[in-house]
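The values are calculated or read from the model by the stated rules, or taken from the named source; none is laboratory data. Note that this is a predicted model, so its numbers are computed, not measured. Here the Cβ positions follow ideal geometry from the backbone for every residue, glycine too, while neighbour counts run over all protein chains shown. Protein only, heavy atoms only, side chains kept; ligands, DNA and RNA dropped before computing areas. Shrake-Rupley method; radii C 1.70, N 1.55, O 1.52, S 1.80 Å.
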Amino acid sequence: MKHLTSIRDLTKDSAIALLDSAQQLTQVNQRTVKNLPALRGKTVVNLFYENSTRTRISFEIAAKRLSADVINFDAQTSSASKGESLKDTAQTLEALGAAAIVVRHPMSGAAHALANRGWISASVINAGDGRHEHPTQALLDSLTIRQLKHSGTDLSGIRVLIVGDIGNSRVARSNILLLSMLGATVSVAGPIDLLPEGIATLGTKVYEDFDQALADKPDVVMMLRVQLERMLTSQGFTTSQYINNWSLDQTRLSALGKDAIIMHPGPMNRGLEISNQAANDPRSAVLRQVENGLAVRMAVLHRVLSGGYSS
Ligand code: NCD
């Protein structure tokens, strides 16, 4: 696997192999000495045109744990702010020795363009492109579900409910693709204006009512951030209507099964899509997700730069 720009770059077997490698790497991350020499001498560039906390820092730590040299490119303080194109920037980075470019960009398709237009020969990893995809987030979410729900190697039999701003969410899109590939049953719930057209063709059940969705007892409830920055127009609801209908509040928390888990990719809008109580609940897997992000990104970097964790 040379690039990871979409979950569609993976087969079920290669996705499971990545989760297995990441699972092994979680043990390395518990050791006193956490570094492996796997990527010594290779340079990884984090090319981020959008803000990020978790994703950028975990790609940086992941590359460092594998002994790669890491450069963080900040679009705000670089020539990108003088109008340099993505192509010229990427070619410049490659001329400086980048073997892998981890890219986050507001334009859907940016990672695919970098990987497939012949501009560069470096590996490209998509760290989120517009509303399109965020494949390493989906992988870390599947790893988290596999660990906490003690499923087998795949996720067959697990019922996942994704709630909120589905249409603007690259996290939702990558998760729907990966969870379905791994055999989970995926349903979505959210305001009708925030559901993408054709959502049912992705094989997901659609609920227009959160309480009804909870009454069906999902094993996993994945809350999404309300992505105000991606909303083109007013979406036909007020904040208080959103909270009433779609927030994981105290009442809905009590409707959730005792073994269910609560997920959120972060950053959380506490008090909007998720209440403080839900974010702090023992069933919340939010920090486990972050922890698993590190191992998943190590596995992905290793796979694209040296063909596999075990080689
Ligand atoms: C997400 C993103 O940027 O797509 N955050 C993340 O990577 N953990 C989700 C979001 O911003 O809502």
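When a 1.4 Å probe is rolled over the protein heavy atoms, the share of accessible surface on the chain that falls to carbon and sulfur comes to 49 percent. When each of the peptides 33-42, 95-104 is scored by how many other beta carbons lie within 10 Å of its residues on average, the order from highest to lowest is 95-104, 33-42. To the nearest 10 degrees, how steep is helix 135-148 against the longest Cα principal axis of the chain, on a 0 to 90 scale? Compared with the principal axis, the helix lies near 60 degrees. Other residues lying with their Cβ under 14 Å from the Cβ of Ala95 contribute a combined charge of -2, Lys and Arg counting +1, Asp and Glu -1. Of the trypsin sites (Lys or Arg not before Pro) found in region 212-311, those that fall in a DSSP loop while having at most 15 other beta-carbon atoms within 10 Å are Lys258.
The alpha-carbon of Lys258 sits under 20 angstrom from the alpha-carbons of these aspartates and glutamates, leaving out residues fewer than 8 places away in its chain: Asp141, Asp211, Asp216, Asp219, Asp249, Asp281.
Normalised by the number of residues in region 135-285, the mean separation of alpha-carbon contacts (under 8 Å, six or more apart) gives a relative contact order of 23 percent. Pop out the ³J(HN,Hα) list for region 289-301 in order, Karplus 6.51 cos²θ - 1.76 cosθ + 1.60 with θ = phi - 60°, rounded to Hz; leave Gly and Pro as x. Once rounded to whole Hz, the list reads 4, 4, 4, 5, x, 5, 5, 5, 6, 4, 4, 5, 4. The listed residues Trp119, Trp246 rank as Trp119, Trp246 when sorted by accessible area, largest first, using a 1.4 Å probe. Among the GluC sites (Glu not before Pro) within region 195-229, those in coil by DSSP and having at most 10 neighbouring Cβ atoms inside 10 Å are Glu197.
Estimated purely from DSSP H runs of n ≥ 4, each contributing -39500 (n - 2.57), the mean residue ellipticity at 222 nm for the chain is -11500 deg cm²/dmol once divided by its residues. Need one number: % antiparallel among DSSP beta bridges in the chain, to the nearest 5. Once the DSSP bridges in the chain are tallied, antiparallel ones form about 5 percent.
Counting alpha carbon pairs within less than 8 Å and at least 6 residues apart, what relative contact order, in whole percent, applies to the chain?
Contact order relative to length: 21 percent.
The heavy atoms of Phe237 present about 60 square angstrom of accessible area, all protein chains included, probe 1.4 Å. By the gyration tensor of its Cα atoms, with a ≥ b ≥ c the square roots of the eigenvalues, what is the shape of region 1-96: rounded for a/c under 1.5, prolate for a/b over b/c, or oblate? Here region 1-96 falls in the prolate category. Amide H contacts of Asp74: none lie under 5 Å away among residues 5 or more positions distant or on a separate chain (H built 1.01 Å from N in the peptide plane; Pro and chain starts excluded).
Per residue, what accessible area does the chain have, given a 1.4 Å probe and all protein chains present, in Å²?
Heavy-atom accessible area per residue stands at 42 Å².
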